[in-house]
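Before any comments, here is the structure.
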Amino acid sequence: MNTQSPFDVLVDYERRSLAHVVGLPEQLDAPGLWRGVGYRIGDRRLASGFDEVVEILPLPQVTAVPGAQPWMLGLANVRGNLLPVVDLKQFLEGTRTVLHESQRVLLVRQPGGDVAVLIDELYGQRSFNDQQLVAADEIALERMAEGRYANFIDRAYRLADHPWGIFSLERLARTPEFRQAAA
């Protein structure tokens, strides 16, 4: 008969479960590994750090705000919180995003309250390593950081023949023009 205490049983469960997580600690602490959320704006594949994205949501119902910038889609009620919803493509490129049913928004923390930014397509988690880093002159050749994108992309990675720009949502949220949505 086994006379282990409940605590000893739990310690044994933990020991056995950790023994089956092969390679996880090395992956989490691997030097040169960058992880984030991958998405698409227009024809650009972008990624932003997990620390910049609070939540990913389906496009909520939006109420237009009179007198707002064209890229400010309006306000949405998300679990009792009013959030501004911004068309990121229109802010960056001047072209309005074509809305569709599977559209997602990234919830971004900014001083004074969160904001939801509309993206064209969500790719999910993406991981990059130093070997995939694109040289600064190649970023220009790939046209990743043209126009307004240049203010928010300072590095890029290549994964499966596609360049991925690392887009700073934190820098976007601090931009005076982005914070001033009134027309």
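Nothing in this text is a laboratory measurement; each read-out follows from the coordinates by a stated rule. Everything numeric in this text was worked out from a predicted model, so none of it was measured. When we count neighbours, we look across all protein chains shown, and the Cβ atoms used for this are built from the backbone with ideal geometry, even at glycine.
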Roughly what angle does helix 6-19 make with the longest principal axis of the chain, taking Cα atoms, 0 to 90 degrees, to the nearest 10?
60
When only alpha-carbon atoms count, how far does segment 33-179 stretch along each of its three principal axes, as whole angstroms with the largest first?
45, 30, 27
Mind ranking 131-138, 7-14, 100-107 by how tightly packed they are, going by the mean number of other C-beta atoms within 10 angstrom, highest first?
100-107, 131-138, 7-14
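How long is the gain from S127 to A160 if the chain were fully straight, where each residue apart is worth 0.36 nm and the alpha carbon distance is subtracted? Walk me through the numbers on the way to the answer.
Numbers: separation 33, 0.36 × 33 = 11.88 nm, distance 1.21 nm.
Length difference between fully extended and current span is 10.7 nm.
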Quick check on packing: order 144-156, 62-74 by the mean number of other C-beta atoms within 10 Å, highest mean leading.
144-156, 62-74
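State the extension gain, in nm to one decimal, for the chain segment bounded by L82 and I56, taking 0.36 nm per residue of separation less the distance between their alpha-carbons. Mind dumping the intermediate values first?
Values: separation 26, 0.36 × 26 = 9.36 nm, distance 1.59 nm.
Fully extending the segment from L82 to I56 adds 7.8 nm.
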Would you be so kind as to identify which of V108, A150, P66 lies farthest towards the positive end of the dipole of the chain, taking Lys and Arg as +1 and Asp and Glu as -1 on Cβ and the Cα centre as origin?
P66
